[in-house]
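Engineer: Below are the structure tokens for one structure; questions will follow.
Nothing in this text is a laboratory measurement; each read-out follows from the coordinates by a stated rule. As the structure is a computational prediction, the values presented were derived from the model and not from experiment. Positions of Cβ are generated from backbone atoms using ideal geometry, with glycine treated the same way; all protein chains shown enter the neighbour counts.
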């Protein structure tokens, strides 16, 4: 209300000032005079003597009209001012609203950018994870196949080891049972010795028969008898260690009568002892041409092939001998040696098992079986094999030496040194040289007693 009163007071004061200034302006204005004159002229034409009265009325009315016009003008200006202020305020409000909208728009843009960044990051992350997942899915079948193959190989190895342990237990049991038969075997050996004389008499009878047969056949008897004599002479030279003389005797026999398979085989044995392996194999081949089911020739041929490192061919020779004679313990043992040479230790153990099944007191087979088990890391069973070997043959230095190796690998230093000491006492030169460079003795190499044993 105070504001309205002030506004009205201002309006009235401005009106009075405006009226006064307008009256002054109009009284001096040519327009005013003309206007009065024209009014007066009109009055003169119409009424005659009322000029002064008209003039006074006009003067009274005009200020009122002028005041009204001024008020109108003032109200117009005020209204215009109010409208102008209103427009400014409206513009300010609009500007404020626009600023708020701009800030809101900026905020929305910022949020949109943040959301876009988050979406991009999430998309890239999801894409990476998907790529990794696809790679895993790609390689999973191959890795699974490799893992299954590895498990199968490991399981097969475990099965083989278990089978070997079962076989070892079985053959240990057989060994104990056969020890009970040892006395009977001893008695049998005595009987064989007693029957040796009888065999000699039988052989003499065969010679007499041959002489009679040769006499009946005429000229062929004398060369055959001469060849047989040379062959026996060769056997005697071989047993006496006179190997070159034995070769000469066998050559003379074969020169006279080439169809003697035994002589060819014996000649190959002597050549093997002389380390002339190629010629020995030729001699065995000649024996097998005469008699293809000659198991000893197959076995001896395989031994020479081992020396030449023709392992697979040697295995084939041993298998041919076994095919002819399934209970051929030497062929089974030698086959195991050849398999061990090519590091097929599990198959070698099985071959030794066959040899021991035929001949349980076979010390070489026990020793060889122990070496293969040691290579497989089955130290307990290997030591049991070496124990059986030295029990059968107490002076078997190789078995004592291998037992020392096995104890060393197990970390049993004292027992290893005792076994090594026993081996050296049986064959000091050979065992000492082997022990100096033996990798299985690394656990005891720093021991004072070991150094003393290899340097004694």
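Engineer: Suppose the filter is part of a helix (DSSP H, G or I) and either under 29 Å from residue 161 (Cα atoms) or under 35 Å from the mean Cα position of the chain (by Cα) (or both); does residue 451 pass it?
Structural biologist: no
Engineer: Within the stretch 387-414, count every residue that is buried (at least 23 other Cβ atoms within 10 Å of the Cβ) and under 22 Å from residue 162 (Cβ atoms).
Structural biologist: 2
Engineer: Considering only residues that are over 21 Å from residue 433 (Cα atoms) and either in a helix (DSSP H, G or I) or in contact with a helix residue (DSSP H, G or I) (Cβ under 9 Å, 6 or more places away or on another chain) (or both), which ones fall in the stretch 395-411?
Structural biologist: The one that is over 21 Å from residue 433 (Cα atoms) and either in a helix (DSSP H, G or I) or in contact with a helix residue (DSSP H, G or I) (Cβ under 9 Å, 6 or more places away or on another chain) (or both): 410.
Engineer: Quick one: how many residues across the stretch 357-379 are surrounded by fewer than 22 Cβ atoms within 10 Å (Cβ to Cβ), part of a helix (DSSP H, G or I) and under 30 Å from the mean Cα position of the chain (by Cα)?
Structural biologist: Looking only at that region, the number is 2.
Engineer: Related question: Would you mention how many residues in the stretch 323-347 are under 27 Å from the mean Cα position of the chain (by Cα) and either in a helix (DSSP H, G or I) or more than 18 Å from residue 308 (Cβ to Cβ) (or both)?
Structural biologist: 6
Engineer: Here is a further query. Determine, yes or no, whether residue 313 is within 24 Å of residue 159 (Cβ to Cβ), free of Cβ contacts under 8 Å to residues at least 60 places away in the same chain and surrounded by fewer than 24 Cβ atoms within 10 Å (Cβ to Cβ).
Structural biologist: no
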